[in-house]
Structure formats: C-alpha cells, structure tokens
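**Student:** Could you have a look at this structure, given as structure tokens, before my questions?
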Amino acid sequence: TNHLDMESVVWLEQYLARWDKILLLVSHSQDFMNGVCTHMIRVTDRQLVYYTGNYDQYAQTRKEADIQQQKKYEAEQKDIQQLKDFVAKFGHGTKKLAQQGKSREKILNRKLEAGLTAAVVYEHQTQFQFSDPGQQLTPMLTLEEVSFGYSPDKILYKSVDIGFD
C-alpha cells in the first residue's frame, strides 16, 4: 500500500475485505489490516501463534496474554524460590523437618520436570528521532540538462532543468 494513492488503497481494502479465500498478507499499515484481516499470525521464536480478529484485537489479546504469562512466570519463580529456601533451611534438620524438606524437594523436581513458564521476551523496538533541520536552502536538489529515455532512439525527456524543494 506504500506506493498506492489513497483511492487505490481504499478500493483494495474494500475488495480484500470481501475476499472469501485465504490470503497471507504482510503489511505495515495497521488501518489497512484492521479493515482487511479477520485472523492474525505472529511468527515468534520459530513458532506460529494464531489470533482471531483484526490488528487492534490481536494487539489487545497479545498484550493481555503477555501480562498473564509474566504473572504466571513470576508466581512460579516465587514458589520455586520458597521451595528451595525451605529445603535449604529445613532439609537436614529433625526427622519431621527432613521429611518435609524431601517432600518439598520432590514437589520442586516435579515442577521443574513438567516445564516452567517462560518470562515474556519483548521484541526490540527502535525509535528514531530527527532533529529540526532548520532553514534549508532551496532547491534541495537541482538537475540540469537531464535527458531520459528507454533507449538512445526513444528519448522521452531532453535537456530538462528541474529543482526539488
């Protein structure tokens, strides 16, 4: 859509919104995806993650899932640390405490074997800042005596002078 005029973008969006087949679309335009897409696929960590809805719904669902995943990760880490602390503190005490320590150690090992929730990894985002260029000389670009054609015998423009502000 970058190289289309607005009228063409609107036409394409309306046409694709009625498309009744599968279309894999890669776009930078959130507005365009909101108007066209009913499902989203995110490629992350060599896996495909499927979402239903347009781009805004995908972004909200993903944000909520990331929050839940991070909370689960933090709760698991806290629980694991408590189990480790208990085993370290009481694992070799009296017979009763040693039994409780071994029991907690088994719980810890089962949790580790079952697999843990990964911490949320946020993708790197780059922000650009452009300083104010101040007053620019005009024209910014000047072309003088320019000729253009597809071949030497088919010249379209000859001896053109043009400046771009």
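The values are calculated or read from the model by the stated rules, or taken from the named source; none is laboratory data. Because the structure is a prediction, the values reported are computed rather than measured. Reconstructed Cβ throughout: ideal geometry from the backbone, glycine too, with neighbour counts over all protein chains shown. Just the protein is used for accessible areas: all its heavy atoms, side chains included, with ligands, DNA and RNA removed. Shrake-Rupley method; radii C 1.70, N 1.55, O 1.52, S 1.80 Å.
**Student:** Multiply the residue separation of residue 4 and residue 22 by 0.36 nm, subtract the distance between their alpha-carbon atoms, and state the gained length in nm to one decimal.
**Tutor:** That pair, residue 4 and residue 22, stretches by 4.2 nm at full extension.
**Student:** Of all alpha-carbon pairs in the range 33-89, indicate the percentage at a distance above 14 angstrom.
**Tutor:** Value for the range 33-89 (Cα pairs over 14 Å): 67 percent.
**Student:** More than 18 Å apart: what percent of Cα pairs in the range 47-135 qualify?
**Tutor:** Tail of the P(r) past 18 Å holds 66 percent of the pairs.
**Student:** So who's got an amide H within less than 5 Å of the one on residue 53, skipping anything under 5 residues away but keeping other chains? H placed 1.01 Å off N, in plane.
**Tutor:** For residue 53, the qualifying residues are 39, 40.
**Student:** In terms of Cα to Cα distance under 19 Å, which lysines are near enough to residue 96, apart from those fewer than 8 places away along the same chain?
**Tutor:** Residue 96 reaches 84, 106.
**Student:** Also: When only alpha-carbon atoms count, how far does the chain stretch along each of its three principal axes, as whole angstroms with the largest first?
**Tutor:** Extents along the principal axes: 100, 47, 31 Å.
**Student:** Please check which bits of the range 65-82 a label hung off residue 42 would reach, taking the label as a point 7 Å along Cα-to-C-beta and the cut-off as backbone N under 11 Å.
**Tutor:** 65-69
**Student:** How fast does the range 1-74 diffuse by Stokes-Einstein, in µm²/s, taking the Kirkwood radius from C-alpha pairs at 25 °C and 0.890 mPa s?
**Tutor:** 177
**Student:** A further question on this structure: I'd like the accessible area for residue 122, computed on protein heavy atoms only with a 1.4 Å probe and all protein chains in place. Round to 10 Å², please.
**Tutor:** Here the residue's solvent-accessible area equals roughly 150 Å².
**Student:** When the label point is put 7 Å from the Cα of residue 67 along its Cα-to-beta-carbon vector, which residues of the range 30-60 have a backbone N closer than 16 Å?
**Tutor:** Counting only backbone N, you get 57-60.
**Student:** Hey, another quick one. Could you tell me which residue out of 115, 30, 133 lies farthest along the dipole of the chain toward its positive end? Charges go on the beta carbon: Lys and Arg +1, Asp and Glu -1, centred on the Cα centre.
**Tutor:** Going by the Cα projections, it comes out as 115.
**Student:** In whole Hz and in residue order, list the ³J(HN,Hα) couplings for the range 99-106 that follow from phi through the Karplus curve 6.51 cos²θ - 1.76 cosθ + 1.60, θ = phi - 60°; x for Gly and Pro.
**Tutor:** Those phi angles translate into 5, 5, x, 5, 4, 5, 5, 5 Hz.
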